[in-house]
Amino acid sequence: MLNRISTYFYLRPKVVLALMLLPPMLWFLVVYIGSLITMLINSFFYLDGFTGKVIHEFTLRTYIKLFDPINLQIFGRTTLMAASVTLACIIIAFPLSYFMARFASQRMKTFLYLAVTLPLWSSYVVRVYSWKLILAQEGIISWFARLIHLDWLLQLYLNLPGVGGPSLSISATGIFIVFVYIWLPYMIIPIQTALERVPKSLLEASGDLGATPAQTFRTVLLPLAFPGVVAGSIFTFSLTLGDFIVPQLFGNSSFYIGKAVLTYQGTSGNIPLAAAFTMGPIIIMIVYLLIARRLGAFDAL
Amino acid sequence: MSASVAIEFKNVSRIFSVKQEDQSGDVKAVENVSLQIRDGEFFSLLGPSGSGKTTSLRMIAGFDRPTSGQILLYGQDVSSLPPYERDVNTVFQDYALFPHMTVGENVAYGLMIKKVSKIECEKRVDDMMDLVQLTGFAGRKPSQLSGGQRQRVALARALINHPKVLLLDEPLGALDLKLRQQMQIELKFIQQRVGITFIFVTHDQEEALTMSDRIAVFNHGRIEQIGTPAEIYEHPITQFVAGFVGVSNLVSGEVAKRITGSDVKFSVRPEKIHLGMLGDKPEADTFIAEGKVRDVIYLGLYTRYLVELDGGGDLVVVEQNLKTTSMDVMQARGQLVRLFWKKEHISYMGD
Amino acid sequence: MPSKNSSQSGGERAAWPLKFGAVGAILFLHVPLWLIFLYAFTTEESAYTFPPPGLTLKWIPQALANPAMQSALYLSIRVAFLATITALVLGTLAAAAVYRYDFFGKESVSFMLILPLALPGIVTGIAMRSAISLIHIPFSFWTIVIGHATFCVVVVYNNVLARFRRSSNSMIEASMDLGANSFQTFWHIVLPNIGTALLAGAILAFSLSFDEVIVTTFTAGNQQTLPIWIFSQMLKPRNRPITNVTAMLVVLITALPILFAQRIVAGSSDSEGGSK
């Protein structure tokens, strides 16, 4: 009997394919793509300011709202934050990635790989929480600053407009540090993968031809690592754009995209504006991905 | 159909439709192939990669089905039977051993599926392990075996069901030369012991010549020639076969006419040509050509001469180094020579 | 390091600052996690003073007995369990289809599956929130599960597909050739071979779901999963010691299985590497 059924399907591979493909595709088309479409639809509705109800009527006025100076500022601030976080991640990740790819023994490499990915899989909220402990006014950073008698410098820094705040745990600097910490593994892995693919002979050839190590690094290694850097930056950039937890916990009153979206949909029930707002990071990311593809970043994934 | 035919192809074609960015269309992997393989034969499908030999084998196994035509197994049409309903087993190119099972479990797999009793199962596994000379290896994992040993396990696993036909898909390809030669002899021996029809796919002409009772030479999805190793070698009927199996001199046009009197293209094997002095007299039924030795390559067992014919064209001649030494043969360079070969040693090319 | 001596000749000079940078990055990634463990034992109730004025074990039983924490933990486990089961089924089916067959749009399957994880979480979140509001689905346990399952599919898919690609192509054919029908082949050959990949994928999916906070914020309504509960505790700290202990607990629940998953994946790739 089972043989019969098996043979029926064996002779009809297309039926089998359909049976295998249908459930996941249906799920994704309905649940995911469907949701994205409703988001798109919602972004063309608007919230009636008097009744507080969403009016189901095609309009562009929600999108026009995005161009309010205050909203443009939010986009600008978030993009700037994403860019600085990405840059910092590259700078911190590179030595470790380079060490992993070139110098570490196989055992060491396995260990380091685990050391990099483990935080990635440990709880995101808790990792954020740990910085609440570190950056607090009475926390380890202030303690350390007092220990080396540099607490006046920390205070001076916190008084700076733009980056400072009442304490590190309520400042743009705090947001920046936590973002770098949270997304760093996403940068290390692709760079390491890209560097791994650079054949050793290439570096030796460069040395042979008379390049100093610094020249080799700049003219051979860096260009070859570049696709990895771009791949990593896709993650750090995209994740920073869409996060609201960190700005919520470490920020003051200045909004970031994620926090704005959360606030609009939550407290004010303005889902159309939240949806339209989300188009911002989507468009920024699409542009970013197109550029990244041009630069060959997808070969390093 | 007479019972002595194990496998018969009746006008079998297999067409794949290819959809790619740069090209789309049909690829005829196997095109209108008809073929009979006799019971108990060691039959080789020989050809370059992409010639259709592996597709043909897969269609016999049931992994693939003909687009048109029929495949008969002892007279029964099996064209649309799934693999598990065909009394045919396969030794795969990569062996395809199940990594999560021991060697013994691998070999017993077919019996386990058939729900053969444990006692009989054990006995038959032991017999098989003896046959392939792996007695005592049943408890190991495939990953603990060498390439040659895995090969034997794959063979034992495929033979344990006593299939009517055993298919071997380039099973020796991954082995090094020494081991391969040893396995060639052993395979032949095992085939004679079990008396099962073996169908052997290979791209190695020497391997095919060594082992087969008969060979089918494939090219571009078609069969160029079927015959015994001697027939294929001595009398290739197409230019492809002459070039693919062994080394051949191909002569055509004016040059052919000067030698044979007709401009029909023909081939002659280098070792059939006798290298003589200008004045030497030919025996009866011999073709003659004259020329100058342009190049001499000493290869130990034999020497290869490249002779530039007077009327244009080159012939490669191979002579065993029976009495000569390297010093002697090198003297031949630049000499004028006369070449003889028996008329029966040439094959006229149909195409 | 022996490999270094044998292969590097001119690189010795660069090694010190490089090592320093590498060690620094690793410490940067790990020290904060150690602090979580330290603070779970601090005697202090209302601040994050460093160094802790004293150490105590008394918060652990208190935290474990906290009803709000308990119900959040329970909800998270149920959600993660169901999301993982769903992801296992959908991810394995998709991986099998992509591995076994050629079909139109095959290349875009991976792309579509990874989208929920690759796009900023907020996009998935607000998209689902839009759907919920547009067709008036009430927030429930199920809305959380559906959201989580969607972004968990890809980790199962990736693990299973990678395993398929590493196993011998002809194993399935060999099984059928030896007389096993499709069902027997699946049971005796396919399942044992992808077993550890399924387990690893399931563990990753479970961790991913257990930990998720961004999408959940939009699909949960008023319910609190454990990460959301911690998040709310951070916003309005009411009971810091209990939050500290819970944070440690969450690290253990998510990180330990991952270590285990790494191990089984690495272990099985060793034995497969041998048979190639």
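Values quoted throughout were computed directly from the atomic coordinates according to the rules given, and no laboratory measurement underlies them. What you see is a predicted model; the values in this text were computed from it and never measured. We place every Cβ from the backbone using ideal geometry, glycine too, and count neighbours over all the protein chains shown.
Once R0 is set to 30 Å, what does the formula 1/(1 + (r/R0)^6) return for the Cβ-Cβ distance between B:ALA174 and B:THR135, expressed as a FRET efficiency to the nearest 0.05?
Efficiency at R0 = 30 Å is approximately 0.80.
Report P(r) for the stretch A:234-295: all Cα-Cα distances, bin width 5 Å, range 0 to the bin holding the largest distance, values in whole percent.
Per 5 Å bin, starting at zero, the Cα-Cα P(r) for the stretch A:234-295 comes out as 4, 18, 24, 22, 16, 9, 5, 2, 0 percent.
With both partners inside chain B, how many of the DSSP beta bridges are antiparallel, as a percent to the nearest 5?
If we restrict to bridges inside chain B, about 75 percent are antiparallel.
What is the Cα convex hull volume of the stretch A:197-260 when expressed per residue in Å³? Can you show the working numbers first?
Details: hull volume 7.1 nm³, N = 64.
It is 111 Å³ per residue.
What's the center-to-center distance, using Cα atoms, between the stretch A:205-260 and the stretch A:133-166 in Å?
Measuring centre to centre over Cα atoms gives 26 Å.
What lysines could a cross-link reach from B:LYS123, if we take a straight Cα to Cα line under 18 Å and drop same-chain neighbours fewer than 8 places away?
B:LYS114, B:LYS115
Considering chain A as a Gaussian network with a 10 Å cut-off on Cα pairs, which listed residue, A:THR263, A:THR240, A:THR86, attains the greatest mean-square fluctuation?
A:THR263
Out of all DSSP beta bridges with both ends in the stretch B:146-303, state the antiparallel percent to the nearest 5.
Among the beta bridges of the stretch B:146-303, antiparallel pairing accounts for roughly 65 percent.
Exactly which GluC sites (Glu not before Pro) in the stretch B:246-351 are in a DSSP loop and have at most 10 other Cβ atoms within 10 Å?
Filter output for the stretch B:246-351: B:GLU283.
I need the semi-axes of the equivalent ellipsoid of the stretch C:67-275: take the C-alpha gyration tensor, multiply each eigenvalue by 5, square-root it, list largest first in whole angstrom.
Semi-axes, largest first: 36, 21, 13 Å.
Can you pull the semi-axes for the stretch A:1-130, root of five times each eigenvalue of the Cα gyration tensor, sorted largest first, whole Å? All intermediate terms of the calculation are to be shown ahead of the outcome.
Working: eigenvalues 328, 300, 35 Å².
Listed largest to smallest, the semi-axes of the stretch A:1-130 are 41, 39, 13 Å.
Along the charge dipole of the protein assembly as shown, pointing to its positive end and built from +1/-1 on Cβ of Lys, Arg, Asp and Glu, which listed residue (A:VAL180, B:GLN205, B:PHE43) has its Cα farthest out?
Result: A:VAL180.
Checking a compactness column here: for the stretch B:60-162, what do you get for Rg(Cα) / (2.2 N^0.38 Å), N being the number of residues?
The stretch B:60-162 yields a ratio of 1.18.
Considering the Cα trace of the stretch B:115-259, what is its radius of gyration and what is Dmax, both in angstroms?
In order Rg, Dmax, the Cα atoms of the stretch B:115-259 give 19.7, 74 Å.
B:LYS178: which lysines have alpha carbons under 26 Å from its alpha carbon, excluding same-chain residues fewer than 8 sequence positions away?
Leaving aside lysines fewer than 8 places away in the same chain, those within reach of B:LYS178 are B:LYS53, B:LYS141, B:LYS188, C:LYS276.
With +1 on the Cβ of every Lys and Arg and -1 on the Cβ of every Asp and Glu, and nothing else charged, how large is the dipole of the stretch B:1-130 about its Cα centre, in debye rounded to the nearest 20?
For this selection, approximately 260 debye.
Where the only charges are on Cβ atoms (+1 Lys, Arg; -1 Asp, Glu), what is the dipole of chain C about its Cα centre, to the nearest 20 debye?
With Lys and Arg at +1 and Asp and Glu at -1, about 360 debye.
Assuming 1.002 mPa s and 20 °C, estimate D for the stretch A:117-162 with Stokes-Einstein, Rh taken as the Kirkwood radius over Cα pairs, in µm²/s. Intermediate values should be presented prior to the final figure.
Numbers: Rh = 12.2 Å.
Translational diffusion coefficient: 176 µm²/s.
Could you tell me which residue out of B:ALA156, A:GLY52, C:ALA47 lies farthest along the dipole of the protein assembly as shown toward its positive end? Charges go on the beta carbon: Lys and Arg +1, Asp and Glu -1, centred on the Cα centre.
Positive-most Cα among the choices belongs to C:ALA47.
What is the magnitude of the charge dipole of chain A about its Cα centre, with +1 placed on the Cβ of each Lys and Arg, -1 on the Cβ of each Asp and Glu, and no other charges, expressed in debye to the nearest 20?
My answer is approximately 700 debye.
Need the list of aspartates and glutamates near A:LYS200 for cross-linking: C-alpha distance under 20 angstrom, and skip anything on the same chain fewer than eight residues off.
Here the aspartates and glutamates satisfying the reach criterion relative to A:LYS200 are A:ASP208, A:ASP299, C:GLU12.
Please report how far the C-alpha centroid of the stretch C:130-172 lies from that of the stretch B:12-86, rounded to the nearest whole angstrom.
The two parts, judged by their Cα centres, are 39 Å apart.
Just name one of B:ASN106, B:LEU166, A:PHE75: the one whose Cα is farthest towards the positive end of the charge dipole of the protein assembly as shown (beta-carbon charges, Lys/Arg +1, Asp/Glu -1).
Final value for the positive-end residue is A:PHE75.
Find how many whole Å separate the alpha carbon centroid of the stretch B:262-333 from the alpha carbon centroid of the stretch C:48-92.
Cα centres, the stretch C:48-92 to the stretch B:262-333: 88 Å.
Over the Cα atoms of the stretch B:249-348, Rg to Rh with Kirkwood Rh, two decimal places?
That ratio is 0.96, to two decimals.
Rounded to the nearest 5, what % of the DSSP beta bridges within the protein assembly as shown are antiparallel ones?
Of all bridge pairs located within the protein assembly as shown, approximately 75 percent are antiparallel.
Computed on alpha carbon atoms, what radius of gyration and Dmax characterise chain A, expressed in Å?
Both quantities, over Cα of chain A: 24.6, 83 Å.
Evaluate the stretch B:5-242: find the radius of gyration of its Cα atoms, find its Kirkwood radius, and give the ratio Rg to Rh. List each step's numbers first, then the result.
Working: Rg = 18.2 Å, Rh = 18.5 Å.
Ratio of gyration radius to Kirkwood radius for the stretch B:5-242: 0.98.
Once the Cα atoms of the protein assembly as shown are picked out, what are the Rg and Dmax in Å?
In Å, with Rg to one decimal and Dmax whole: 36.5, 120.
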